[in-house]
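*Asks:* Below are the structure tokens for one structure; questions will follow.
The values are calculated or read from the model by the stated rules, or taken from the named source; none is laboratory data. These numbers were taken from a predicted model, which means no experiment stands behind them. Heads up, the Cβs are rebuilt from the backbone with ideal geometry, glycines too, and the neighbour counts pull from every protein chain shown.
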Amino acid sequence: MRTLLNVIWLLLCGIWLALGYAVAGVICCVLIVTIPFGIASFRMADFALWPFGRKLVARPGAGIPSALGNVVWILVAGWWLALVHIATAVALAITIIGIPLAVANLKLVPVSLVPLGREIVPASDARS
């Protein structure tokens, strides 16, 4: 079932979300200072392609630099990315088939808000 949902997700909205995150990652990597944001954007693009069966967990030892980077990220890009994910989730939830996709879109809200200091792992390997 997870694979079927991932394929439907990929066809309906995953490709477009991943392309958007990848373009943002390339733009961020052009400037030296924003390379950590670019790497986070590429991680989010990977997660946006195939979200079912994976979870976002805190990375041990992330520390203060990640927290400060997340504050900057929220102010610059995180808030509008979260709003886009919420709006897409509402649009997907209109149909019965779209409800699991809407839930997956809401699962992307935390990673769009605070991407630094987090890692994406298989759901079976998720740490508490």
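*Asks:* Within segment 87-94, can one find any residue that is out of contact with any strand residue (DSSP E or B) (no Cβ under 7 Å at 6 or more places or on another chain) and assigned to a loop (DSSP other than H, G, I, E, B)?
*Replies:* Yes, segment 87-94 contains a residue that is out of contact with any strand residue (DSSP E or B) (no Cβ under 7 Å at 6 or more places or on another chain) and assigned to a loop (DSSP other than H, G, I, E, B).
*Asks:* Give the residues of segment 106-128 that are in contact with a helix residue (DSSP H, G or I) (Cβ under 8 Å, 6 or more places away or on another chain) and either among the aliphatic types (A, V, I, L, M) or assigned to a helix (DSSP H, G or I) (or both), sorted by residue number.
*Replies:* Across segment 106-128, the qualifying residues are 106, 108, 109, 111, 112, 113, 114, 116, 120.
*Asks:* Still on this model: What is the one condition in (1) free of Cβ contacts under 8 Å to residues at least 40 places away in the same chain; (2) over 25 Å from residue 125 (Cα atoms); (3) in a helix (DSSP H, G or I); (4) not hydroxyl-bearing (Ser, Thr, Tyr) that residue 103 does not satisfy?
*Replies:* (2)
*Asks:* Inspect segment 26-33 for any residue being part of a helix (DSSP H, G or I), in contact (Cβ under 8 Å) with a residue 40 or more places away in the chain and out of contact with any strand residue (DSSP E or B) (no Cβ under 8 Å at 6 or more places or on another chain) and give the result as yes or no.
*Replies:* Checked segment 26-33: no residue is part of a helix (DSSP H, G or I), in contact (Cβ under 8 Å) with a residue 40 or more places away in the chain and out of contact with any strand residue (DSSP E or B) (no Cβ under 8 Å at 6 or more places or on another chain).
*Asks:* Could you check residue 93 against (1) without any contact (Cβ under 8 Å) to a residue 12 or more places away in the chain; (2) surrounded by fewer than 16 Cβ atoms within 10 Å (Cβ to Cβ) and say which number it fails?
*Replies:* (2)
*Asks:* If you check 57, 109, 76, which single one turns out to be surrounded by fewer than 19 Cβ atoms within 10 Å (Cβ to Cβ) and at pLDDT 90 or above?
*Replies:* After applying the criteria, what remains is 109.
*Asks:* Still on this structure: Of the conditions (1) touching a Cys at 6+ places or on another chain (Cβ under 6 Å); (2) closer than 19 Å to residue 16 by Cβ, residue 44 satisfies every one except a single condition; which number is it?
*Replies:* It is condition (1) that residue 44 fails.
*Asks:* Considering (1) more than 19 Å from residue 117 (Cβ to Cβ); (2) assigned to a helix (DSSP H, G or I), say which one residue 65 fails and leave the rest.
*Replies:* All conditions are met except number (1).
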